[in-house]
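Q: Here it is, the structure, as structure tokens.
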Amino acid sequence: MKILVAVKQVAALDEDFEIRADGRDVEADFLIRDLNEWDDFSLEEAVKIKEAAAEPIEVIAVCVGPEEVDESLRKCLAKGADRAIRVWDAAIEGSDPIAIARVLAAVAKSEAPAMLFAGVQSSDHSFASTGIATAAILGWPHAAVVSSLDYTPGAKSAVFRRELEGGLLHEVEIQCPAVLTIQLGINTPRYASLRSIKQAAAKPIEVRSLADLGLSAGDVGEAGSLSRVRRMYLPDKGRAQLIEGDAAQQAKRLADIIREFKGAAA
Amino acid sequence: MSGVLIVAEQRRGELRPVSLELISAAQGLRRAGDEVAVALLTTAPERYIDALKLAGVDEIITVKVRAAEFDPDTFESAIGALIAERHPEVVLVAHSVDSFGYAAALAAKLGLGFATDVFKMERIEGELVATRGGYGQKVNVEVDFPGRSTVLLALRGNVFKPPEAAASPKVSAFAAPAAASRSMAREFIELSAGDDIDMTAAEFILSIGRGIGEEAKVAQFRELADAVGATLGCSRPIADAGWLPKSRQVGQSGKTASACKLYIAMGVSGAIQHLAGMKHVTTIVAVNSDAEASIFGVAKYGIVGDIFEIAEELRRHF
Amino acid sequence: MSRTDAVTRILFEAFPTAEVRLFYALGYAAIGVFGYGVYVQIRKYRRGAALQLEGSPWSRFTEMVAIVLRHSTVARRDPGAGAAHRLIFYGFVLLFLGTATITLEYDILEPLFGIRFWQGAFYLVFSLILDIAGVALIGGLAFMMVRRGWMRLPKLDYARPDRVPGDPDFDRPHYRREDWAFLWTLLIIGGTGYLLEASRLVWLQARPDVWDSRWWSPVGALIAEGLRAAGLNADGGGLLRHGLWWFHGLLALAFIALIPYTKVKHIFTAAGSLMARDPLAAQRLPRIPEAQEAPGVAKITDFTWKQLLNLDACTKCGRCHEACPARAVGAPLSPRDVILSLREFANATLESGVLPAAAELDVHGKAPGQVAMETLWSCRTCMACVEICPVAVEHVPIIVQLRRKLVEDGAMDPLLTKTLQTIHKTGNSFGESKRKRGSWSKSLPFKVKDARKEPVEVLWFVGDYASFDPRNQKVSQIFAELLHEAQVDFGILFDGESNAGNDVRRVGEEGLYEVLVNANVAALQGASFKTIVTTDPHSYNTIRNEYPDFGAKYPIEHYTSFVKRLFDSGKLKVNQPLKYRTTFHDPCHLGRFNKGYEAPREVLKLLGCEIVEMGRSRANSFCCGAGGGRIWIPDPVGAEKPAQNRIKEAAAIPGLEVYVVSCPKDLTMFEDALKTTGNEGKFVVKELIELMREAIPAARTEEAYA
């Protein structure tokens, strides 16, 4: 039995970043890549289910991206994933979450897992769409923002709680197989020591092409997306009025602001 | 395709305020002859009609479904059918936990233009252009939807102001086709308050974030909050680590500082989820050692400095 | 059988042959028991992992003999115990040699070659020396008994911080019983020896060759006078002698037989431990051998034979327990109890004929003999324990190797986990972008050379804290100014520098340490410089002592000795002597680790400051508590921190104006402690570099920039 975990290697901006000449993205040089924070939790949830299960479960990490995402897949292998799959083709460049979802759905069709986990969103672009779009393409039951999960592999249904706004939880029962997007804090992700990451380097990462998955260039990239980036630009920062001086002076001004507020409120 | 279709949100018998923000947002998209309709899906949608009689709403569409609370399959099926019948140019939903559960699926199934967490919409040379954040909200990204006759947008909350004036829109009922749902909602669970504090009622809040470093430092700020007369709040990492009860968490999955007029954020970087809970506050003072922290973007006053030193100095004045 | 032409003592005089034979039989039996005991111990050590010692066995042996004869390690910081143990040691050695000499003649030389020497003047002087040795032995033992029984020394308190009342191994009464049994047995052997001597004199008082020369055994003779005065006659003396002979003999044989089974074995294990010692044990940690499957120590057999020997060498002296900063603030760590727990575990598992199954050899946990996680994570790796141990037990590598297993299992505080991940991602513990590493230098009025791009004479390895922590950045800026004014050709690596890895290694993340070493070495190899100077003692230690194990040997010094030379050569001049009353805190990694005690003091004196030493200084300096990764682990709420303990020690110096540090972590920890102990306003904490700036005011810099 398999659990498929879709992961993303996200990009954070380095100091003094620059926008690309064509204005549609940031210069690649200034991007610092790492495994998406949410994926630590979804992977850990899958590995926990595997460790608690009576029968053998295979946890498979899948990522859509070029060779550089192997680093993040290795981390997944070090953290307990049994296999790692990477899908890439030049045509995938410029895909929005829905186009990526199409690729993930194809992987899911070929692996036939009992469950598919993804993160609620990615820390770079926060679309919060890829997991649920994959479910729609697969035609699977789905739910988002799962903050606790009770699932026995192979069961017909699972019970989970979604974390709503304002600290409210909603308990739901869902038919399985299903796609669940996992929220931060659902568990405590384990530490992968550098040594285990190095050892995971020995495990192979299976690379698939679009053709392998029965997809064509038209299914992905801009052609397969539901939106297109026109331009990327630096926002005008709403600038706070900075209070200058040493700590004592700054604190005095803050104390004045507080007193003013309390005086007005009185 | 014309007009705007808004999907309002309700939960536990109450209309969620973000629904009203969508109404204001829709007005900017009107072209001549366009209508703005608001749909609401639940077992007894008529209950919400009065709450939706607001300026800018041309039509209220009640959709009676079998699920009283949000259910993905139900929503996708019903709204899909409604879109097929009404052919709106734009469908607006809130970028909320509910819409996380169905919007992308709906867009993928119907091939709608799609963008989430949108905070600005405009027409440029006739084309619909939406603006959202990128790379952790450090850049703005403009997207468009070439070739898509209907576009589904999930709008960020607390950006658009709800309409104030009343109106008398027409009311109609939409018969959604029966749909089998593959999930079954059970119950709502309130997280134990922890210390019965109601952040939503506090007028003066002092929040701490990751910048405080370790649990042992919480005491200093608890004492400071007491001294200045503020309610102690926090960002998510502090509550997740158990240093303060969850009831003290301000943010998207915590509480909204609805009644707050003065918000002092110490050691809070300003992640978008936290901002969601407090950026509307009239006077925000941010104290952080990182001059580039996002919190300075929403604050009225900023102090770039060591939060412990500032806390100590501030304490002397009270 | 007796030839009395010269004065001597006739062995076995008047003993029936059967008794002599019985004695020899018992003697051989004792040797047999002793031999078996030794066999079991050696078999235990051989069940540990292999280890190749550096250096020649002969030089190790001679060094060990020198240390043992000098007894310097026993006398350090406890002159009383040192003096008493010297008496015991020399007394025992002389008495032992004496017996060996007699055996040599009686059992070997005389029967085989007819050689006799134990007679006449030799015999008389011999007897005198042994009598004095006996006094020394008994005197030393008596002092030790008073020390143990009445002086209530904290280091001899067997209460342990890593167990709570109710745990099966919380109380260890058998330790106390064994300690006292050892003392009393030796005392009784010594005492009965004199009584025996005296009773023989009384028995043979009629023989002039015995009686006339009796004062060559003064103690025996005195006691003999007393016995006679008490009414003992020659026959009575003979009976007493016979009885005492057997009592004394049997007790001594039993004592020898039981050496390998009791505390007495420290005679051999301490010598062995000293012979096997690594003077750089805590400064240069061992790499994980390529062949090793899992990192660190999980089972007792993962320890090397030397570490198992270390466990047996411990004499429960308690000095490490007393010196440990974690223990001093109530953390659940006592280096002594880590060693003793593991010793008991090793004895319980490795002394049986058949080695128990692997599952029973796990040393991690809370069962008797095991070491708990909380204990291991409390360690600051300050090496106070290793430094003071008289028998060269190496606690720190043992603790780090146990930590390696914990790290592999992810059994760490979440903040520590996060920090390790941050260091992996950004190369520094602050999570700042690599590009910002040199940003502190941007505000300087001159451009700091980029050592990656142009050759420099001095490469300044700055370190994480000095690069990113705002308080320490100020110190870095001042140091750069001073170097510039002294016209030193220096540069830094900017983004090329990563965390040197000293603390990452001591946390037990060896994999990440290797990544950091490789990154730094790559940067250093790409740069051209004559020497490295660093303001960070942690970086200093690892680059100096550990990087060579990775094939990267660079000349490196801490800024204090470099700056001293700048003063000596006139490149820096003090023109405004400071008249402060100061105290200097020796940073662990500069002082105790690398013996760098004098340079900072000489610089302070050059600046015109008065230095008042704290009680715990130089090799005995008290750690600020940040080492071993503890700066990345939150302290328990409400507990005292080592830095607070230390500041209170400084606060006791009347009129203290400046508490001087020369380490970025010290600066951070002590400034914090100054506030939290309520000493703010009484004195200040300053980096030596800041004092240098005060004594060499910036006005002078106008000339330098001209």
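FYI, it's all coordinate maths here, none of it is from the lab. Just so we're clear, the structure is a prediction, and the values are computed from it rather than from any experiment. Heads up, the Cβs are rebuilt from the backbone with ideal geometry, glycines too, and the neighbour counts pull from every protein chain shown.
Q: Mind checking the mean number of beta-carbon atoms from other chains within 10 Å of the Cβ atoms in B:93-101?
A: Details: counts 0, 1, 2, 4, 12, 6, 4, 13, 10.
For this peptide, the per-residue mean of nearby foreign Cβ atoms is 6.
Q: Given labels modelled 7 Å from the Cα in the Cβ direction, how far is it in nm from C:Leu53 to C:Tyr106?
A: Result for the modelled spin labels: 3.5 nm.
Q: Would you mind calculating the relative contact order of segment C:472-549 from Cα pairs under 8 angstrom and at least 6 residues apart, reporting the percent as a whole number?
A: Numbers: 37 pairs, mean separation 23.5, N = 78.
That works out to 30 percent.
Q: Compute the signed sum of charges (Lys and Arg +1, Asp and Glu -1) over the other residues within less than 10 Å, Cβ to Cβ, of C:Ala282. Please report the intermediate quantities before stating the final value.
A: Working: positive: C:Arg284, C:Arg506, C:Arg592; negative: C:Asp278, C:Glu387, C:Glu394.
Counting the neighbours of C:Ala282, the net charge comes to 0.
Q: Could you give the dipole magnitude of segment A:59-119 about its Cα centre, charging the beta-carbon of Lys and Arg +1 and that of Asp and Glu -1, in debye to the nearest 20? Each step should come with its number before you reach the end.
A: On the way: 7 positive and 9 negative charges, 62 e Å.
Rounded to the nearest 20 debye, it is 300 debye.
Q: Here is a further query. What size of dipole, in debye to the nearest 20, comes out for segment C:418-695 about its Cα centre when the only charges are +1 on Lys and Arg C-beta atoms and -1 on Asp and Glu C-beta atoms?
A: Details: 39 positive and 36 negative charges, 43 e Å.
Roughly 200 debye, rounded to the nearest 20.
Q: A further question follows. Within a Cβ distance under 10 Å of C:Val407, other residues only, what is the Lys/Arg minus Asp/Glu net charge? All intermediate terms of the calculation are to be shown ahead of the outcome.
A: On the way: positive: A:Arg195, C:Arg403, C:Arg404, C:Lys405; negative: C:Glu408, C:Asp409, C:Glu509, C:Glu510.
Net of charged neighbours comes to 0.
Q: What is segment B:206-318 by shape, rounded, prolate or oblate, if you read a ≥ b ≥ c off the alpha carbon gyration tensor as root eigenvalues and call it rounded for a/c under 1.5, prolate for a/b larger than b/c, and oblate otherwise? Show your work: numbers first, answer last.
A: On the way: a/c = 1.29, a/b = 1.11, b/c = 1.16.
Rounded, since a/c falls under 1.5.
Q: First measure r as the distance between the Cβ atoms of C:Glu602 and C:Ala639, then evaluate 1/(1 + (r/R0)^6) with R0 = 60 Å and state the FRET efficiency to the nearest 0.05. The partial results should precede the final answer.
A: Working: r = 37 Å, r/R0 = 0.61.
The formula returns an efficiency of 0.95 here.
Q: Per-residue mean of other chain beta-carbon atoms within 10 angstrom of the beta-carbon, peptide A:96-104? Could you put the intermediate results ahead of the total?
A: Working: counts 3, 6, 7, 1, 0, 3, 1, 0, 0.
Mean partner-chain Cβ count within 10 Å for A:96-104: 2.
Q: Another question about this same structure. Which of A:Lys237, C:Lys434 comes first, and how do the rest follow, when ranked by fewest Cβ neighbours within 10 Å?
A: A:Lys237, C:Lys434
Q: From the Cα gyration tensor of segment C:56-157, with a ≥ b ≥ c the square roots of its eigenvalues, which class applies: rounded if a/c is under 1.5, or else prolate if a/b is larger than b/c, or else oblate?
A: Details: a/c = 3.28, a/b = 1.70, b/c = 1.93.
Note, shape of segment C:56-157 comes out oblate.
Q: A further question on this structure: What angle, in degrees between 0 and 90 and rounded to the nearest 10, separates the Cα long axis of helix C:173-203 from the longest principal axis of the Cα atoms of chain C?
A: The two axes meet at around 40 degrees.
Q: DSSP loop (so not H, G, I, E, B), at most 11 other Cβ within 10 Å: list which GluC sites (Glu not before Pro) in segment C:53-138 pass both filters. Could the numbers behind the result be given before it?
A: Values: sites: C:Glu54, C:Glu63, C:Glu105; in loops: C:Glu54.
Filter output for segment C:53-138: C:Glu54.
Q: Ranked by Cβ crowding within 10 angstrom, fewest neighbours first, how are A:Ile257, C:Ile115 ordered?
A: The most exposed by this proxy come first: C:Ile115, A:Ile257.
Q: Please name which of A:Ala223, A:Ala101, A:Pro204 has its Cα lying farthest along the dipole of segment A:2-224 towards the positive end, using unit charges on Cβ (Lys, Arg +1; Asp, Glu -1) and the Cα centre as origin.
A: Farthest towards the positive pole: A:Pro204.
Q: Something else now. Along the Cα→Cβ direction, 7 angstrom out, place labels at A:Ala201 and A:Asp236. What is the inter-label distance in nm?
A: 4.9 nm
Q: Set the Förster distance to 35 Å, then compute FRET efficiency between C:Leu153 and C:Ala254 from the Cβ-Cβ distance, nearest 0.05. Walk me through the intermediate numbers first.
A: On the way: r = 30 Å, r/R0 = 0.85.
Efficiency at R0 = 35 Å is approximately 0.75.
Q: In segment B:96-183, what chymotrypsin sites (Phe, Trp or Tyr not before Pro) fall in a loop by DSSP, with at most 15 other Cβ atoms inside 10 Å? Could the numbers behind the result be given before it?
A: On the way: sites: B:Phe100, B:Tyr102, B:Phe114, B:Phe119, B:Tyr135, B:Phe160, B:Phe174; in loops: B:Tyr102, B:Phe119, B:Tyr135, B:Phe160.
Qualifying residues, ordered by number: none.
Q: Right, something else. Under 17 Å from the 7 Å Cα→Cβ point of A:Glu51, by amide nitrogen: which residues of segment C:394-432?
A: Inside the label zone: C:405-414, C:417-418.
Q: If I model a spin label at C:Ala294 and C:Arg21 as a point 7 Å from the Cα along the Cα→Cβ vector, what separation in nanometres do I get?
A: The two pseudo-label positions are separated by 5.9 nm.
Q: Rounded to the nearest 5, what is the percent of antiparallel bridges among the DSSP beta bridges in the protein assembly as shown? Walk me through the numbers on the way to the answer.
A: Numbers: 43 of 141 bridges.
Around 30 percent of the beta bridges assigned by DSSP in the protein assembly as shown are antiparallel ones.
Q: Post the alpha-carbon centroid distance, segment C:15-70 to segment C:134-199, in whole angstrom.
A: 23 Å
Q: Now for a different question. Would you be so kind as to identify which of C:Ala358, C:Leu376, C:Leu309 lies farthest towards the positive end of the dipole of segment C:286-412, taking Lys and Arg as +1 and Asp and Glu as -1 on Cβ and the Cα centre as origin?
A: Result: C:Leu376, furthest along the dipole toward the positive end.
Q: Tell me the GluC sites (Glu not before Pro) within segment A:167-266 that lie in a loop according to DSSP and have at most 14 other beta-carbon atoms within 10 Å.
A: On the way: sites: A:Glu171, A:Glu173, A:Glu206, A:Glu222, A:Glu244, A:Glu260; in loops: A:Glu222, A:Glu244.
Passing both the DSSP loop test and the Cβ count: A:Glu244.
Q: Under unit Cβ charges (Lys, Arg +1; Asp, Glu -1), what dipole magnitude, rounded to 20 debye, does the protein assembly as shown have relative to its Cα centre?
A: Using only the charged Cβ atoms, the result is roughly 3020 debye.
Q: For B:Met199, C:Met373, what's the fewest-to-most ordering of other Cβ within 10 Å of each Cβ? Can you show the working numbers first?
A: Numbers: B:Met199 27, C:Met373 18.
Ascending number of Cβ neighbours within 10 Å: C:Met373, B:Met199.
Q: Same structure again: Over what distance in Å are the Cα centres of segment C:447-478 and segment A:124-184 separated?
A: Here the answer is 50 Å between Cα centres.
Q: By DSSP, what percent of the beta bridges with both residues in segment A:2-224 are antiparallel, rounded to the nearest 5? Display every interim value, and only then the final one.
A: Numbers: 17 of 42 bridges.
The antiparallel proportion sits near 40 percent.
Q: How shielded is C:201-213 by partner chains, expressed as the average number of their Cβ atoms within 10 Å of its Cβ atoms?
A: Values: counts 0, 0, 0, 0, 0, 0, 0, 0, 0, 0, 0, 0, 0.
What the average comes to for C:201-213 is 0.
Q: Could I ask something else about it? How many angstrom lie between the Cα centre of segment C:89-119 and the Cα centre of segment B:37-115?
A: If you average the Cα positions of each part, the centres end up 107 Å apart.
Q: Oh, and also: Averaging sequence separations of C-alpha pairs under 8 Å and six or more residues apart, then dividing by the length of chain B, give the relative contact order as a whole percent. Display every interim value, and only then the final one.
A: Values: 662 pairs, mean separation 47.6, N = 318.
Reported relative contact order: 15 percent.
Q: Sticking with this structure for a sec: Give the relative contact order (percent, whole number) for segment B:34-190; include only Cα pairs under 8 Å separated by 6+ residues. Write down the numbers at each step before the final one.
A: Numbers: 265 pairs, mean separation 51.5, N = 157.
RCO, segment B:34-190: 33 percent.
Q: In terms of the Cα gyration tensor, with a ≥ b ≥ c the square roots of its eigenvalues, is segment C:418-695 rounded because a/c is under 1.5, prolate because a/b exceeds b/c, or oblate? Can you show the working numbers first?
A: Numbers: a/c = 1.72, a/b = 1.18, b/c = 1.45.
It comes out oblate by the Cα gyration axes.
Q: Okay, next question. Taking the Cβ of C:Val637 as the center, what net charge do the other residues with Cβ under 10 Å away carry, scoring Lys and Arg +1 and Asp and Glu -1? Please list the in-between numbers first.
A: Values: positive: B:Lys217; negative: B:Glu214, B:Glu215, C:Asp635.
It works out to a net charge of -2.
Q: So, one more: Which angle between 0 and 90 degrees, to the nearest 10, do you get for helix C:266-275 versus the longest principal axis of chain C when only C-alpha atoms count?
A: For C:266-275 against chain C, the angle is about 40 degrees.
Q: Also, I was wondering about something else. If the chain between C:Arg70 and C:Glu610 were fully stretched, how many nm would it gain, using 0.36 nm times the residue separation less the Cα-Cα distance?
A: Working: separation 540, 0.36 × 540 = 194.40 nm, distance 3.47 nm.
Answer, rounded to one decimal: 190.9 nm.
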